[in-house]
Amino acid sequence: MALAEISIEQFSAGIWILTIVMGVVAYLWHSPKRLAHPPRGLRQARKLLAGALGAVATFIAANIASGIYVVAHPGDPRWSDDAPLSAPSLSGTPMIGQHLQPLDSVMDDIVARINVVRDIQQAIPVALDFFAAAGWGCLAVIPLALFALVVRKKWQKAESASYRQTIEDLQQELDDVKRFVNYQNSR
C-alpha cells in the first residue's frame, strides 16, 4: 500500500500502532547488565522507562514525518477538499475573442497559482495537527526525564552498595589470606 492510498485517519492510527510496537520492542530489548544482581523493582523501572522513551521518541518522529509529508504534498486530495478553480476561456467571446486569446494563458497561469496557494492553505492545518501531536509528545518527555533521573539515582545507589559489598567481601578474603599466611609462618 503506497502512502498516497492512506487516509489521514489511517496515518494517525499507524502512528499509534508504530508507537505501541516500538515501546514494547524497547521494553523487551532493554536488559540492564551493569549490575550483577540489580533490585527487581529497579530493573523493571528501567525497562519501563526504556519502553516509554522508545514509544515517545517514535511518536514524535512519526508525527513530524507525517507533517512533513503533508507539507511536501500540498495538492493531495486527502487534505484538499475543494475542486480546483479553472479560468474562463476568453477566446470564445463573440467578435473580440481572437484578440483575447493571449489573456487565456495569463488567466490560466494566475488561476494555477491561486490553486497552489489554496492547496497549501488546506494542507497547513493537517500538517499542524501532526506537528502539534509531536509537540505533545515532547511535553510527555519532561516527566519521563524526571523519572529517568530518579531511577538513575536509585540505580547508582544500588550500584554503589553492590561495589561496597564487593569491596567488603574482598577485604574479608584478604584478611583471611593474611591470617592464613601468618598462621603458616608461625610454625
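Annotations for the structure displayed:
- Based on C-alpha pairs under 8 angstrom that are at least 6 apart in sequence, the chain has a relative contact order of 26 percent.
- One chain, two ends: T166 and Q101. Fully extended at 0.36 nm per residue, the span grows by 14.1 nm beyond their Cα-Cα distance.
- Total charge dipole magnitude, the chain, about the Cα centre, Cβ charges on Lys, Arg, Asp, Glu only, Debye to nearest 20: 1860 debye
- Ranked for footprinting exposure by Cβ neighbours inside 10 Å, fewest first, Y27, Y163 give Y163, Y27.
- Angle between the chain longest axis and helix 40-72 axis [Cα atoms, degrees, rounded to 10]: 20 degrees
- Rg/Rh for segment 108-187 stands at 1.74; both radii use Cα atoms, and Rh follows the Kirkwood definition.
- Total lysine pairs in the chain at Cα distances under 25 Å, for residues eight or more apart or on different chains: 7.
- Gap separating the Cα centres of segment 42-85 and segment 112-163, nearest whole Å: 10 Å
- Computed helical MRE - 222 nm, the chain, DSSP H runs ≥ 4 contributing -39500 (n - 2.57), nearest 500: -28000 deg cm²/dmol
- Cβ charges +1 (Lys, Arg) and -1 (Asp, Glu), total dipole of segment 122-187, debye: 220 debye
- Stokes-Einstein D (µm²/s) once Rh is taken as the Kirkwood radius of the chain over alpha-carbon pairs, at 25 °C in 0.890 mPa s: 109 µm²/s
- Neighbour-count ranking [beta-carbon atoms within 10 angstrom, fewest first] of M107, M95, M22: M95, M107, M22
- Look at the dipole of the chain built from charges on Cβ: of G137, G75, I64, the Cα furthest out on the positive end belongs to G137.
- Residue order, fewest to most surrounding Cβ atoms within 10 angstrom, among I167, I8, I60: I167, I8, I60
Values quoted throughout were computed directly from the atomic coordinates according to the rules given, and no laboratory measurement underlies them. Only a predicted model underlies this, so the values are computations on that prediction, with no experimental measurement involved. In this analysis, Cβ positions are derived from the backbone assuming ideal geometry, glycine residues included, and neighbour counts consider all displayed protein chains.
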